[in-house]
Structure formats: C-alpha cells, structure tokens
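Remarks on the structure that follows.
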Amino acid sequence: MTTRITQLLGIKYPVIQGGMAWVADAELAAAVSNAGGCGLIAGGSAPAEVIREQIRKAKTLTDRPFGVNIMLMNPNTEELARLMIEEKVPVVTTGAGNPGKYIPAWKEAGIKVIPVVPSVALAKRMERAGADAVIVEGMEAGGHIGSITTMCLTPQVVDAVSIPVIAAGGIADGRGMAAVFMLGAEGVQLGTVFLASEECNIHDNYKQLVLKAKDTDSAITGQSIGLPVRCIKNRLSRKINEMEKTGMSAEELESFTVGSLRRAVQDGDLENGSFMCGQIAGMVHEIRPVCEIVEAICGEAETLLAAPAKERGVTLG
Ligand code: TUI
C-alpha cells in the first residue's frame, strides 16, 4: 500500500503508532517500525535525558524510521525540541498545542514534522507553518482529545489542506482503516490496539481493562476545565466527574489527577489510575504481537478498498 505517507516517511505500511505518554517506549516504537509502520516514543512523560536514552535504544532495536511525540503542555518542551535536533530524530509528531514556533528549526534539521490537530483551523495553520502532514484525531481517541469525531474531522481537513492527512481515533481494524481512506486519509495512527500488544510494556491490569472494555466503558474527564481526557471508567473517573459537577478549579483537578497516568501504566492501580483508552477498545479482544496487528489491519483494509461494491454487499444502479 503506497500513499504520500509511506513515501514521506520511507515506510512499508501507512501506520503510525500513537505517542502515548508513559506507554510508548523504545521497545514498542521499534516493534512498530520493524513491522513496517512508524513507531513513536512518548516525549511527554520523562526528563529529556531519559528520552535521549530511549531514542538511542530505539536506534539499536531498529534500523527503520521512527519518531518522537512531543506533548506540548509539558514544561520541558523547549529542551525536548532541541533534543530532537541533537539526536537527529527522523520524525516528530506533536500533541496538545500549536508547535508552530519549533517547526522552522526542525525542518532545517531535516526532521519530518507531523502535528496532531483537532480542527480544520489548526490544520490550515500547520500547513502554512511548513508541516509535512497532519494527524487528525477524533474524540473517539483515548487520552487528551478535541471535540470533533474522526468521521467528521477527516474529510473536512482533507478538503482544507494539500498536505497528506493521517486519521486517528476509533481505528482498530481494516474496516476502520478502509473507512478513513475513503474519507481521504492517506495513513492511520493507532493507539488503543497497540495497548493490547505483546511488546507494550504496561501493567497487565491495564491490558486486561482494555480487553474487557465494552463500547460504553470510557468516560471523559476534565471537560469542565477545558482539558478533556478519555479514559476507562473507574473510581477515579467517577470521582472526577462528580467533582466537576460541583465546579472544581483547574488547580483542584490537577492536584487530584497528578500521577494518575503513571499509577495506571506502572502500578496497574485500578482505583486511582487514569487508564487512557479509546472508544474502540470494545473491539479489542486479544493480545497479539505488533507485527500481526499491523499486517492484519493493512491486509484487511487493502482487501476492502480493492473489493468491488458487490463483494461488500452493495448493489449499484
Ligand atoms: O495529546 C494527545 N493525547 C494525549 S496527551 C496525554 S498526557 C496528558 N496527561 C494528563 C492530562 C492531559 C494530557 C494523553 N493523551 N493527543 C493529541 C491531541 N492534540 N489531542 C488534542 C490535541 C490538540 C488540542 C489543542 C492539539 C492542538 C491544540 O491546539 C490548541 C491551540 O493552541 O491551537
């Protein structure tokens, strides 16, 4: 499957792994890159020196392109932005903000820059700022989200920009991939389905929650303070939602949730952890090796996209 994304990144399959904070380490990133996609190391959850080690480790685990995701709300963003250049990271994706001021230096260093955007307006700004592509992330996704669905955001951004568009949020099989390709996307970013991979180093409680989750098992916390985060419903999410109804401040919410993602990923703390996860978890039922996930999704998408309408149960005319 060749698209402008496979050509831009020099990869076999147009699949990017989400830069999941505390989750996406060198091992997961290298597994995705070795499978023919583009793996990402999360730059959002550790000091710059730890990220430097992770980048160097990934280089020992794969000779294929990989990237780093920079969560722009992080206080050490400036330092991480420089680190990308020092370590010659091939691909940088960004989330949770506007990376405009970093783009010129990254481009100068030959880095491929792919911001996550939650709206048409930001997609157009990123194109003008020199981004190579954009990732449109619908509110079906896990973690920090915008307010528009993948189904609505993808075609609107595809129509608004000329650079290639990668769709994220709600995709975990070949049907989802084929669907966003029909909307004009040229790549997919997958997060939740990689939580349920053998190479994903999260606590087993987290994986089991993903496998057990039904379609309606996620909640959005932080909406009331303008920081919506999708996670699996548990004691913490219910407590936050209750506190939000009584009008909690951003500071109160932050002090309440600080460390909650780490508690989920490392401790598997079912009551006090924030198990960030997309709505598509209801369709994820088994733990598989990364390469099996990538090949199954792309193989199924290819078959669907190539199949005449009749084979898909659609009679034309
Ligand atoms: O960034 C994500 N997902 C994340 S980051 C994260 S870590 C975290 N921990 C605790 C609280 C909050 C976050 C977990 N999941 N996805 C990409 C994404 N970017 N989603 C939404 C956006 C976004 C939002 C606003 C991107 C740009 C933006 O721009 C606003 C502006 O400045 O124009």
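The values are calculated or read from the model by the stated rules, or taken from the named source; none is laboratory data. Because the structure is a prediction, the values reported are computed rather than measured. All Cβ positions, even for glycine, are placed from backbone atoms using ideal geometry, and neighbour counts span all protein chains on display. Heavy atoms of the whole protein, side chains included, go into the accessibility calculation; ligands, DNA and RNA do not. Shrake-Rupley method; radii C 1.70, N 1.55, O 1.52, S 1.80 Å.
So that you can scan it fast, the table gives a plain yes or no per residue for (1) open to solvent by 70 Å² or more (accessible area, probe 1.4 Å); (2) at pLDDT 95 or above; (3) within 21 Å of the chain's Cα centre (by Cα):
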residue: Glu199; (1), (2), (3): no, yes, yes
residue: Ala213; (1), (2), (3): no, yes, yes
residue: Leu227; (1), (2), (3): no, no, yes
residue: Glu295; (1), (2), (3): yes, yes, yes
residue: Leu305; (1), (2), (3): no, yes, no
Unmet requirement for Thr2, which otherwise passes all of (1) outside any helix (DSSP H, G or I); (2) touching a residue at least 24 places away in the same chain (Cβ under 8 Å); (3) of a type outside the set (Phe, Trp, Tyr): (2)
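For residues that are among the hydrophobic types (A, V, I, L, M, F, W, C) and open to solvent by 30 Å² or more (accessible area, probe 1.4 Å), scanning just the stretch 93-111, find the one that is nearest to the ligand (Cβ to nearest atom).
Ala96
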Residue in the stretch 142-159 that is open to solvent by less than 30 Å² (accessible area, probe 1.4 Å), within 13 Å of the ligand (Cβ to nearest atom) and among the polar types (S, T, N, Q) present: yes
From Asn205, Asn272, residue being away from the ligand (no atom under 16 Å from the Cβ), farther than 21 Å from Thr93 by Cβ and more than 18 Å from the chain's Cα centre (by Cα): Asn205
Check on Arg235, away from the ligand (no atom under 13 Å from the Cβ) and out of contact with any helix residue (DSSP H, G or I) (no Cβ under 6 Å at 6 or more places or on another chain): yes
Filtered residues of the stretch 127-148 (kept if more than 14 Å from the chain's Cα centre (by Cα) and touching a residue at least 40 places away in the same chain (Cβ under 8 Å)): Asp132, Ala133, Ser147
